[in-house]
Amino acid sequence: MDGGDGGEVASAAAGPPAPLDWKFSQVFGERTAGEEVQEVDIISAIEFDKTGDHLATGDRGGRVVLFERTDTKEHGRNRRDIERMDYSGSRHPEFRYKTEFQSHEPEFDYLKSLEIEEKINKIRWCQAANGALFLLSTNDKTIKFWKVQEKKVKKISEMNVDTVKAAGNGSIASSSVSPGPKQCLANGSYADRSYNSLSNDLSFPPGGISSLRLPVVTSSETNLVARCRRVYAHAHDYHINSISSNSDGETFISADDLRINLWNLEISNQSFNIVDVKPTNMEDLTEVITSAEFHPTHCNTLAYSSSKGSIRLIDLRQSALCDSHSKLFEEQEAPGSRSFFTEIIASISDIKFAKDGRHILSRDYMTLKLWDINMDSGPVATFQVHEYLRPKLCDLYENDSIFDKFECCLSGDGHRVATGSYSNLFRVFGCVPGSTEATTLEASKNPMRRQVQTPSRPSRSLSSSITRVVRRGAESPGADANGNSFDFTTKLLHLAWHPSENSIACAAANSLYMYYA
């Protein structure tokens, strides 16, 4: 990890990097055995900021919880500590709870007789400024722009003092008014507690105070305050599935099933519809938008995926309404392979741009696919996430699990990809050419417990015209990778990769697990 990036680059030149050895780092919200999980506590969104120093999670109860990194602060006091930590190689990202706030509340749309739940669908960080953190959060209908900042608590620390100390150093007085007749001061007021509204616990000398000093205000404590700066509402008829911040720091997009809107962060009452796939007759509807994301560096480029398994790249410079795409990425269906479930499992649940903007990672129900934006003939690599579930598609359809929306993520160096599965498992694949890395981990304190001992090697498709396509990770049919019974109720839908280090945060129900390698 730290200090090892150059070694990884060198090994990539000589061959694929060795598989990572993942270790447990932290858990927040760990539940005890048999403890019932409350629905509102289940985590529904995870996101690192660009620096990797902050992590945000959202839950079904509409709350946003922020965590901040502590290991860089604690060990950054002096050079000797930093050198000692680097030498020992024991340093890894450590986070602590920072603050939380209620982002959304349950609402009711009286016009449509529709309940709008408070569940946080997505969180996206915006550019920090003046020591404050900014982020966007959304539920099904409403997007909110939050500012989180440390506010200093101001207290009066010094005032005019009693007779003994008034002529001295003027420090804080602790004496109270002495009993006796009311003493009239030079300005006509009384020193009695009941008459003195300025100071109820300070006594004044009989002749008044020769030098009146203003109270001294000090800021000894700081409180974290989350304030909603803007609310972007009433722009989506359908449920919002994605929001994405632009690299220009001024705009963002929000996407629902049929439309993508472009917003300016400073303007909450107006947005521009840039993609509209709604047909004139809704009976002609064949596909919906499932995810959308801005390019990490080109503010004019964004990509969105569909329920038919395609990804469209659009350029905002081409036209105001970008219904026509500049590039289309989709994999051609193999002849004779079509079934009742083909379209359902082809639906893309999440897309992510690589940090360099050259590749796009997509997740459908069965696979992860890596696409090169310069090659629209097909994916450059395909990773089988849980191929052993293919014989169980009927059961998965019956219990609606086939419609679960798994997220995906890429490492900061672009060498690895990760996504979740059932039984609280998640998988990490190496995507460097020649890599055979296919690791299965469990969201627990012992992540390697469910590790596949002999990961299957990639098989290159010779019959395909795309010789670069790699299919990897398929296991033999069974309950799971090690023959254990599979649990469809415990699913790891949400995970995020640290932007610069090999560290993954993932959500198992109401628990946030963190791992490093």
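The values are calculated or read from the model by the stated rules, or taken from the named source; none is laboratory data. This one's a predicted model, so the numbers in the text were calculated from it and none came from an experiment. Cβ atoms come from the backbone with ideal geometry, glycine included; neighbour counts cover every protein chain shown. Heavy atoms of the whole protein, side chains included, go into the accessibility calculation; ligands, DNA and RNA do not. Shrake-Rupley method; radii C 1.70, N 1.55, O 1.52, S 1.80 Å.
Quick check: with the 1.4 Å probe, what order do LEU512, LEU214 take by accessible area, largest first?
Details: LEU512 5, LEU214 145 Å².
Accessible-area ranking of LEU512, LEU214, largest first: LEU214, LEU512.
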Computed magnitude of the charge dipole of the range 345-400 (debye, nearest 20; Cβ of K, R +1, Cβ of D, E -1) | 220 debye
Expected vector for the range 307-316, Karplus 3J(HN,Hα) from phi with 6.51, -1.76, 1.60 and θ = phi - 60°, integer Hz, x for Gly and Pro, equals 6, 9, x, 10, 10, 10, 9, 10, 10, 5
Length added when fully stretched, VAL153-TYR110, from 0.36 nm per residue minus Cα-Cα | 11.3 nm
Taking the highest mean first, how do the peptides 15-24, 304-313 order by number of other beta carbon atoms within 10 angstrom per residue?
-> 304-313, 15-24
Per residue, accessible area of the range 219-348 with a 1.4 Å probe, heavy atoms of protein chains only, in Å², comes to 51 Å²
Accessible surface, the range 389-449, averaged per residue in Å² (probe 1.4 Å) = 35 Å²
Once both label points are put 7 Å beyond Cα along the C-beta direction, the GLU100-PHE341 separation in nm becomes 3.7 nm
Suppose every K and R has +1 on its Cβ and every D and E has -1 on its Cβ; what is the size of the dipole of the range 376-450 about the Cα centre, in Debye to the nearest 20?
-> 320 debye
The answer for ASN139, listing residues at least 5 apart or on another chain whose modeled amide H is closer than 5 Å to its amide H, is ASN121
Classify the range 338-425 as rounded, prolate or oblate, taking a ≥ b ≥ c as the square roots of the eigenvalues of its Cα gyration tensor: rounded when a/c is under 1.5, otherwise prolate if a/b is larger than b/c and oblate if not.
-> prolate
Can you work out ³J(HN,Hα) from phi for every residue in the range 332-349, in order, using Karplus 6.51 cos²θ - 1.76 cosθ + 1.60 and θ = phi - 60°, giving whole Hz and x for Gly and Pro?
-> 5, 6, 5, x, x, 9, 6, 9, 4, 8, 4, 5, 5, 7, 7, 4, 7, 8
Rounded percent of accessible protein surface that carbon and sulfur make up, the range 247-346, 1.4 Å probe = 49 percent
Heavy atoms of SER349: accessible area, 1.4 Å probe, square angstrom to 10 | 20 Å²
Pull out the extension gain between ARG358 and LYS278, defined as 0.36 nm times the separation in residues minus the alpha carbon to alpha carbon distance; nm, one decimal.
-> 25.8 nm
What does the accessible area of VAL40 come to, in Å² to the nearest 10, when a probe of 1.4 Å is used?
-> 60 Å²
Size of the dipole of the range 287-365 about the Cα centre, Lys and Arg at +1 and Asp and Glu at -1 on the beta carbon, nothing else charged, in debye to 20?
-> 220 debye
Give me the accessible area of LYS119, 1.4 Å probe, in Å² rounded to the nearest 10.
-> 60 Å²
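Name the shape class, rounded, prolate or oblate, that the alpha-carbon gyration tensor gives for the range 290-390, where a ≥ b ≥ c are the square roots of its eigenvalues, rounded holds for a/c under 1.5, and otherwise prolate holds if a/b is larger than b/c and oblate otherwise.
prolate
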Taking alpha-carbon centroids only, the range 107-159 lies from the range 430-447 a number of Å equal to 35 Å
